[in-house]
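The values are calculated or read from the model by the stated rules, or taken from the named source; none is laboratory data. No experiment lies behind these values; they were computed from the predicted model shown. Cβ atoms come from the backbone with ideal geometry, glycine included; neighbour counts cover every protein chain shown.
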Amino acid sequence: MKFTGRMLAIAVAAVLFVGLTELCAGWIHPRPPVRFGRFRERRRRAPWPQPFGVVRFAEEGVLIGLVTLAGRKVLRLRL
Amino acid sequence: MPSRLRVVFWLDVSLLLSVCALETVPFTGLVIHEWLGLAVAAMVVAHLLLSWTWIASTTGRLMAARAGRTRVNYFLNLTLFACMTAVIFSGVLISQEAIPALTMRKAGEMDADLRWTFVHDRLSDVVLILAGLHLAINWTWSVAAARTVWGRR
């Protein structure tokens with residue numbers, strides 16, 4: 001896999017998505033801060049699914065994708 | 001198509017989706033979160049058993065020369081296993097729904113033992129990162145398996 005400008009654009013879009021989600025999570029569910037964003041979100045333990053949860057699920061997928069992308073880049077360079 | 005490959009591939013896809021779902025409690029709610037967490041424990045055991053040939057052979061030749069990538073992969077997997085075990089164990093200890101239902105005991109106060117909650121939350125973040133790296137190092141296999149599974153449909 002060659003790292004191109006398009007992949008960089010995807011990575012930037014993913015980071016923006018995660019950042020905006022964090023911001024929105026803070027606005028929609030204002031709570032006393034535990035850490036920030038995703039950590040604060042996890043402290044709320046409602047028994048059943050929440051409306052905003054699907055966005056958080058997508059965010060976790062994007063985060064894993066970003067780590068995978070970075071991991072592949074590092075592995076290609078180092079190993 | 002070998003049925004074993006199909007089983008391994010769909011098990012891995014289920015594990016990946018489950019890890020994403022487990023990382024965010026609001027998506028599933030606490031009840032599904034806890035039962036899914038227990039299911040993931042079983043899936044991890046199945047994943048290890050299906051990869052046992054690789055684990056056994058790699059353990060044997062871990063110190064062999066020119067095995068840099070294999071060594072990194074092995075220790076990455078070992079760390080992921082340790083973190084996953086700790087997350088599941090701490091999850092069982094702070095369980096409010098699944099474990100009390102299984103043991104017929106009243107759930108303890110969630111914030112009573114903040115240390116286990118802290119361990120559970122922080123290590124689940126580490127698991128997310130390690131899962132991404134695990135996918136990265138096995139990317140070639142994953143793509144080849146996906147092509148095999150979907151290619152003959």
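Here's the yes/no breakdown for (1) surrounded by 15 or more Cβ atoms within 10 Å (Cβ to Cβ); (2) modelled with pLDDT of 85 or more; (3) in contact with a Leu (Cβ under 8 Å, 6 or more places away or on another chain); (4) within 16 Å of residue B:36 (Cβ to Cβ):
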{"residue": "B:68", "(1), (2), (3), (4)": "no, no, yes, no"}
{"residue": "B:76", "(1), (2), (3), (4)": "yes, yes, yes, no"}
{"residue": "B:82", "(1), (2), (3), (4)": "no, yes, no, no"}
{"residue": "B:85", "(1), (2), (3), (4)": "no, yes, no, no"}
{"residue": "B:95", "(1), (2), (3), (4)": "yes, yes, no, yes"}
{"residue": "B:99", "(1), (2), (3), (4)": "yes, yes, no, yes"}
{"residue": "B:114", "(1), (2), (3), (4)": "no, no, no, no"}
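Among all residues of the range A:49-56, there is at least one that is outside any loop (DSSP other than H, G, I, E, B), modelled with pLDDT of 50 or more, facing chain B (nearest Cβ under 7 Å) and touching an Asp or Glu at 6+ places or on another chain (Cβ under 7 Å). Annotation note: of B:27, B:89, the sole residue that is of a type in the set (Phe, Trp, Tyr) and within 13 Å of chain A (Cβ to nearest Cβ) is B:27. Taken over the range B:112-153, the residue count meeting the criterion of being of a type outside the set (A, V, I, L, M, F, W, C), more than 13 Å from chain A (Cβ to nearest Cβ) and not in a helix (DSSP H, G or I) is 3.
Is it fair to say residue B:58 is over 19 Å from the mean Cα position of the chain (by Cα) and crowded, with 17+ Cβ neighbours inside 10 Å?
Yes.
Among helices (runs of 4 or more DSSP H) entirely within the range B:1-72, having at least 2 residues that are touching a helix residue (DSSP H, G or I) at 6+ places or on another chain (Cβ under 6 Å) singles out B:3-22, B:25-50.
Taking every residue in the range A:52-78 that is in contact (Cβ under 8 Å) with a residue 60 or more places away in the chain and pairing it with any residue that is β-branched (Val, Ile, Thr) and part of a helix (DSSP H, G or I), at least 6 positions away or on another chain, the pairs with Cβ-Cβ distances below 9 Å are A:69/A:10; A:72/B:137.
Which of the residues that make up the range B:15-49 are of a type in the set (Ser, Thr, Tyr) and either over 20 Å from residue A:53 (Cβ atoms) or buried (at least 19 other Cβ atoms within 10 Å of the Cβ) (or both)?
B:24, B:28
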